[in-house]
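Right, one structure below, let's go through it.
The values are calculated or read from the model by the stated rules, or taken from the named source; none is laboratory data. Predicted model only: the values in this text are computed from it and were never measured. Don't worry about glycine lacking a Cβ; one is built from the backbone with ideal geometry, like all the others, and counts go over all protein chains shown. Just so you know, the surface numbers come from the protein's heavy atoms only, side chains and all, with ligands and any DNA or RNA stripped out. Shrake-Rupley method; radii C 1.70, N 1.55, O 1.52, S 1.80 Å.
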Protein chains: 6
Amino acid sequence: MSRVTVSRKAHFNAAHRLYRKDWSDEKNDLVFGKCNNPSFHGHNYDLIVSVTGIIDQETGFVIDMKVLKELIKDKIEDAFDHKNLNLDVPEFKDLNPTVENIAVVIYNKLRPMLDEKFDIEITLYETARNYVTYSANNL
Amino acid sequence: MSRVTVSRKAHFNAAHRLYRKDWSDEKNDLVFGKCNNPSFHGHNYDLIVSVTGIIDQETGFVIDMKVLKELIKDKIEDAFDHKNLNLDVPEFKDLNPTVENIAVVIYNKLRPMLDEKFDIEITLYETARNYVTYSANNL
Amino acid sequence: MSRVTVSRKAHFNAAHRLYRKDWSDEKNDLVFGKCNNPSFHGHNYDLIVSVTGIIDQETGFVIDMKVLKELIKDKIEDAFDHKNLNLDVPEFKDLNPTVENIAVVIYNKLRPMLDEKFDIEITLYETARNYVTYSANNL
Amino acid sequence: MSRVTVSRKAHFNAAHRLYRKDWSDEKNDLVFGKCNNPSFHGHNYDLIVSVTGIIDQETGFVIDMKVLKELIKDKIEDAFDHKNLNLDVPEFKDLNPTVENIAVVIYNKLRPMLDEKFDIEITLYETARNYVTYSANNL
Amino acid sequence: MSRVTVSRKAHFNAAHRLYRKDWSDEKNDLVFGKCNNPSFHGHNYDLIVSVTGIIDQETGFVIDMKVLKELIKDKIEDAFDHKNLNLDVPEFKDLNPTVENIAVVIYNKLRPMLDEKFDIEITLYETARNYVTYSANNL
Amino acid sequence: MSRVTVSRKAHFNAAHRLYRKDWSDEKNDLVFGKCNNPSFHGHNYDLIVSVTGIIDQETGFVIDMKVLKELIKDKIEDAFDHKNLNLDVPEFKDLNPTVENIAVVIYNKLRPMLDEKFDIEITLYETARNYVTYSANNL
């Protein structure tokens, strides 16, 4: 039986700064440029969570979108929205909040909450021009 | 020789209701919530049909977009647009018109009309926030 | 002192049918075409509510967006979302739910809830290609 | 002779916090909610600058879009992009950076740079759902 | 009685070149830059035609969108789509096809086809970042 | 270690004509229709370049977006923007500039500039309704 991918969009607005504590200011500036502003800058992040599985023949759903929507709200939006990723979100205490790393953190927070029978993929837009896609299965 | 995927967008506006005739009203309400409104609600569905194949060296086309556009119009838009999916579309007489099931029905209507050399994928947006992707090859 | 317009987007998904009870089927078909399908069809309506006023020097707000968001939810989204406009919404019992008339109904529901010092404008998208704008001041 | 409005889009990514230094934490929380996070949050701001005037019969332009694009870059993008509005931008040292106030500041920075024969309007999106429009002529 | 504005989107894809026959190559390059490429370049133009009037109490329409859609197709899309504006469209034989001038030409072609009781406004996107708005009433 | 895909959007505006020099006018008209206008037509092309690789543990980047942005500008935007693809771009001297062929040309121009450890995918929108995706790995 073939599988269907169900995708749900969400969003959060956050401040961040790209830098490494163990690098000099000069090296941080060289590598991260204006993203290294010590006063922070910010983004409207647009998030897509994609869940792939077989259609339940009872309901016609792969997964109940209402459940997926609430899960994203509880685990991601409530944790990241209107926050400073570097200062307020524990996962980035020692991890540079690049859009790549944020996508992996989101994946790792959601993966254990969803049945193992599903494949999960995260797409995260940092701006309308920059985005990343991540799935642990993408070897 | 590598392959290219060609995608064409279309749209249709339709009413629907999520429910099972063989369930009680209480169970339908529990599972489908406000999507079970007996008076129906509706959506602007945005459809993307993706066709993957080798570029024809004569024309530079994988498939003629004008042909694909007309096929989508004849088989999908004319059948679904300004319709009530539950009442007017035979495929949903005994099939719950979830966005997952609509995508599979669209795939099954288009697949026999397109050369076997092509792979086909259907992406269907029910709202700007909810969408599904389906291909029979996605095992 | 100059004025600023603050706009908030919202959305609702609804079924409807364009027709007049006092017309024959033939006349309804002639005037409303496929929008007159007796089984209904539907749309994702995108709504923009624009409020024009002076910036409050205390808060820097024309109007608190959280208050405006909640007002739209209470008065419009909860009343229209996942509804059949013809059957479930009292305002359209004897009023044809064209996008023009829906916009005027929304204006008339919100206008008394907002301070008289504000000007109000309603923009309503029925599809990505069709939309209307209404303000009672537009003589 | 009739007039034409020419609009140019731009964008900048910035951190900010809504609060008043002269208010208690409790009052700031009550009025500004999660926008008052002391660690800041941020947005991708989308800016539209609209210039209204008569078409120059020599060039067919109201204003040269390249000139307008460069002006927005020099005066707004370079000043606001990847900045903390509260900490890095002098205009908000004692002015709460609500989207209303940011739009007025942008207007006041651009107005003197553009010929008096033009009318100017600023549209500023803080998110895809919240935006403001400002023109000093809007009495 | 208040008035409602009804807007309809359309699009056409065309080539053009910005230049004046009566100017030297140097002056054309200086003023129009890369838009003066003698081989032409092109755009996907997105057009919005807005019609303002009173809601007809019989139909609930300001104007029948089907009629407006067909009018735009006949007068604008069929005349401009897949054309070279400089070479194929008579209105630009001696008129520089800037986005400002194209908008005025569209207005002048549609205005006589629509009842005098309506006000008409043209919005024309040359790119996602550049657009113009024109109405003969905008003095 | 899993891999992340990083995507960057860019755009260029160009004229083109679909036809084969070695075909008669009748055959070109039959196959390419209005896309065969000898005076050319044009499009706003939207380009997405996707790079898949492992996150660098030093920087948190798969690839520095600033480097990718500059590469796209140097190799694609400067070569294609405000050009006539048939007349000004050497790759299309004897190759029909269908959107499929343009995507392959872009891939072939960028592939040697990017480290072999990366997989590359090109998505190219010719209009908002037509687009293609190409990767040499898509067998």
Of the residues in region F:16-52, those that are more than 8 Å from every other protein chain (Cβ to nearest Cβ), open to solvent by 60 Å² or more (accessible area, probe 1.4 Å), within 27 Å of E:Arg17 (Cβ to Cβ) and not acidic (Asp, Glu) come to F:Tyr19, F:Lys21, F:Pro38
Being surrounded by fewer than 19 Cβ atoms within 10 Å (Cβ to Cβ), within 13 Å of chain D (Cβ to nearest Cβ) and not small (Gly, Ala, Ser) is true for just one of A:Asp64, A:Asp81, A:Asp119. Which residue is that? A:Asp81
Unmet requirement for A:Tyr107, which otherwise passes all of (1) touching a Leu at 6+ places or on another chain (Cβ under 7 Å); (2) of a type in the set (Phe, Trp, Tyr); (3) away from chain D (no Cβ under 14 Å): (1)
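Looking at B:Ile122, is it assigned to a strand (DSSP E or B) and aliphatic (A, V, I, L, M)?
yes
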Restricting to region E:75-91, name every residue that is touching a residue at least 40 places away in the same chain (Cβ under 8 Å) and within 12 Å of the chain's Cα centre (by Cα). E:Ile76, E:Glu77, E:Phe80, E:Asp81, E:Leu85
Being small (Gly, Ala, Ser), farther than 23 Å from F:Thr133 by Cα and modelled with pLDDT of 95 or more, is that true of even one residue in region B:49-63? no
Yes/no for E:Phe92 being within 14 Å of chain F (Cβ to nearest Cβ), within 26 Å of E:Ala10 (Cα to Cα), open to solvent by less than 30 Å² (accessible area, probe 1.4 Å) and touching a helix residue (DSSP H, G or I) at 6+ places or on another chain (Cβ under 9 Å): yes
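Looking only at residues in region B:95-139 that are at pLDDT below 95 and more than 14 Å from the chain's Cα centre (by Cα), which one is farthest from A:Asp64 (Cα to Cα)?
Looking at residues that are at pLDDT below 95 and more than 14 Å from the chain's Cα centre (by Cα), I get B:Asn137.
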Quick one: F:Arg129 ticks every box in (1) under 20 Å from B:Val6 (Cβ atoms); (2) charged (D, E, K, R); (3) surrounded by 19 or more Cβ atoms within 10 Å (Cβ to Cβ) bar one, so which box is it? (3)
